[in-house]
Amino acid sequence: MNRKIAIITGGSRGLGKNACLKLAERGTDVIFTYHSRQTEAHDVVAEIERLGSRGVALQLDIGKSASFAAFSEQVKSQLETIWQRSTFDFLVK
């Protein structure tokens, strides 16, 4: 099945977390970023998976633009490894 994939910035808490969970409830897989709260991010991944979707949490400090290239490579790697594709469907910021 070709599931939709969303990338959400700041998905470990607040509105971003709510967006992750709502999309997961509707069958969308989610890649989301977190800044420093790795434990909370892993909890959100577990919630996404309990809802029947796939979730991936990637650390990103948007204040450090030098880290964007490495983040982009992580996204590409996850897309290829988990979904066997190179694109995503939605970006929620």
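Give me the Kirkwood hydrodynamic radius of segment 5-92 in Å, from all C-alpha pairs, to one decimal place? Working shown, then result.
On the way: mean 1/r = 0.0785 Å⁻¹.
Computed over Cα pairs of segment 5-92, the Kirkwood hydrodynamic radius comes out at 12.7 Å.
Could you work out [θ]222 nm for the chain from helices alone, using -39500 (n - 2.57) per DSSP H run of at least four and dividing by all its residues? Round to the nearest 500 deg cm²/dmol.
-12000 deg cm²/dmol
Computed from the coordinates by the stated procedures, all read-outs in this text should not be read as laboratory data. In this text, all values refer to a predicted model and were calculated from it rather than measured experimentally.
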